[in-house]
Amino acid sequence: MTQQTTLHAAFAGHVAAALDALEAAGTLPAGLNRGAVAVEPPRDPAHGDLATNAAMVLAKPAGMNPRVLAEALVGELTKIPSITGADIAGPGFINLRLNADAWLDELRAIAALGDAYGRSDMGGGTTVNVEYVSANPTGPMHMGHCRGAVVGDALASLLEAAGHKVIREYYVNDAGGQVDVLARSVHLRYREALGQDVGEIPEGLYPGDYLIPVAQALAAEFADQYAAAPESDWLVLFRTRAVAAMLVMIKEDLALLGIHHDLFSSEAELQAAGKPAEAEAWLRAHDLVYDGQLEAPKGKTLDDWEPVELPLFRSTKFGDDQDRPIRKSDGNWTYFGADLAYHFQKAQSADALVNIWGADHAGTVKRIKAAVAALTGATGKATPFEVKLVQMVQLLRDGEPVKMSKRSGNFVTLADVVREVGKDVVRFTMLTRKPEAQMDFDFAKVVEASKDNPVFYVQYAHARIRSTLRKSAAEGLAPSAGHLELLGEEELGLIKQAAQFPRLIEAAAAAREPHRLAFFLYELAGALHGYWNLGNDRPEKRFIVAQDINLTGARLYLAIQIGQIIRNGLALLGVEAVEEM
């Protein structure tokens, strides 16, 4: 089933048909671009149920007055039986009012579509590569990686729901100096495993206990063969084994969050295959790389800085503030040089690229976007490429900063947090603020049973619905669509809010903003709780009114569909919809 079966899409179709009729009548010129025409809820619900900007966006290209076009459009729209009113607001916005049957039909559509409600074919099957996490393979996942991991995974699910094919990718930075440091750290632990006294872990090496099992395995396999050997004898071996062990650990940590990638791409393999060199040759052939000298760093003079000729990418041509080197003076690739080759490779198998990066990478966004624009644009059509930056998370316990983990050496592991508060709490909490906003994660607050804890508030709404259904079944009362006309304004208000779900999925996917879904679920849960609380003061407003079987059946039917939408939304966020709390 696709989005065409839902209310907002249906009324978008009605507006399109009305515009077609105006074209056929000669009122509106044919062939106008309708890409900006939207049908959405008005900002103020008092203005109506739906609004369209069609007259506003088409009037200028049509050479018409917006209000005149709006009046003509209203004349067509009011022919539709489910539209009870169409008012022109301001310079040409049209507010529509729908009859109750339109909303009750949408309630039936939720029931008919079930798990598929909200899914659409908006993406048309186009492939989006979403790269997220991509933490250096030097240790277990920590909470600095967690937020980006959840945002990326939820975005991937959201894009799939909106009709895209998605490649979930992890880029393994296993070719830089940090993995050599990892190998040296393991070698130190290897000597320790052989019984040597290595003393305190030296500054600059990784101190975490998580390296001990790797070192013990190497000691068991090679005995003291590399204990006193020169670094050149063991560096590659220890690096390879350590990176492999770290990736196993990282995958296990991500699995605790319910995260699984389709593809792990190795920077080392990329370089071994000559991909950066190929990218450089291609860029030189298109005059996008040249040999030149960088300007002296600020505060440096020729006495303390020696200019070196390097291959530079013309990133200023694409809006960067200076051209960027793709190789270092020793001939090795810069991170940027390897990265542009990696992105060029990704673009070969995707229609669009999305990277989820930590906010500390903000300085590299402009140059890598310039490189991707250059590499893909010169092939005929630039591959759309977006970078979403995610701020760090501050861990607190009752308002106080959390102490570091001994096992990790200098950070709190993701595994420790998930085991303490649970996957669902971690995942939902990571989406309760926009990614670019700072976040506090307080262990006490995220498990609090209150409205101020969004994950509890949403899960409790679903649990309340399930509890109501169990109670009604015990009393011999069943949900029924036979008398939905008995539902009043409060119930219709719930349906109207729930019916935003399909449109929300498409909008959040298009904007690459999965946090919108968490916000929507919180608001829907609030509406459900608000309706529930009506029954505390007014028994006739409860879901179960024993003396009125038909009304009870209609309200239980409504409750089931609200629960369905909460389940559908939570599933996209990777969070369980609990049965009881």
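The values are calculated or read from the model by the stated rules, or taken from the named source; none is laboratory data. Everything numeric in this text was worked out from a predicted model, so none of it was measured. Neighbour counts run over all protein chains shown; Cβ positions are idealised from the backbone, glycine included.
Brief remarks on what is shown
- The residues of the range 375-385 that are in contact (Cβ under 8 Å) with a residue 40 or more places away in the chain and either loosely packed, with under 14 Cβ neighbours inside 10 Å or out of contact with any strand residue (DSSP E or B) (no Cβ under 8 Å at 6 or more places or on another chain) (or both), listed by number, are Leu375, Ala378.
- The lone exception for Thr552 - which of (1) assigned to a helix (DSSP H, G or I); (2) farther than 18 Å from Arg466 by Cα it fails: (2)
- Conditions (1) of a type in the set (A, V, I, L, M); (2) buried (at least 21 other Cβ atoms within 10 Å of the Cβ); (3) touching a residue at least 60 places away in the same chain (Cβ under 8 Å); number of the one not met by Ala156: (3)
- The residues on offer are Ala30, Ala62, Ala25, Ala54, and the sole one that is under 30 Å from Gly124 (Cβ atoms), among the aliphatic types (A, V, I, L, M) and surrounded by fewer than 17 Cβ atoms within 10 Å (Cβ to Cβ) is Ala30.
- Conditions (1) surrounded by fewer than 17 Cβ atoms within 10 Å (Cβ to Cβ); (2) out of contact with any Leu (no Cβ under 6 Å at 6 or more places or on another chain): number failed by Leu486: (2)
- Close pairs from the range 64-86: first in the same structural domain as His8 (by TED's automatic domain parsing) and of a type in the set (D, E, K, R), partner crowded, with 18+ Cβ neighbours inside 10 Å and at pLDDT below 95, Cβ under 8 Å, at least 6 apart: Arg67/Gly92
Residue-wise test of (1) within 24 Å of the chain's Cα centre (by Cα); (2) of a type in the set (D, E, K, R).
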site	(1), (2)
Asn53	no, no
Ile88	no, no
Arg97	no, yes
Asp101	no, yes
Ser120	yes, no
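- Among helices (runs of 4 or more DSSP H) entirely within the range 202-292, having at least 3 residues that are under 28 Å from Asp339 (Cα atoms) singles out 231-256, 267-272, 275-285.
- Residue that is nearest to Val412 (Cα to Cα) [pool: residues in the range 191-204 that are surrounded by 12 or more Cβ atoms within 10 Å (Cβ to Cβ) and out of contact with any Lys or Arg (no Cβ under 6 Å at 6 or more places or on another chain)]: Ile201
- Residue within the range 514-526 that is touching a helix residue (DSSP H, G or I) at 6+ places or on another chain (Cβ under 9 Å) and not in a helix (DSSP H, G or I) present: yes
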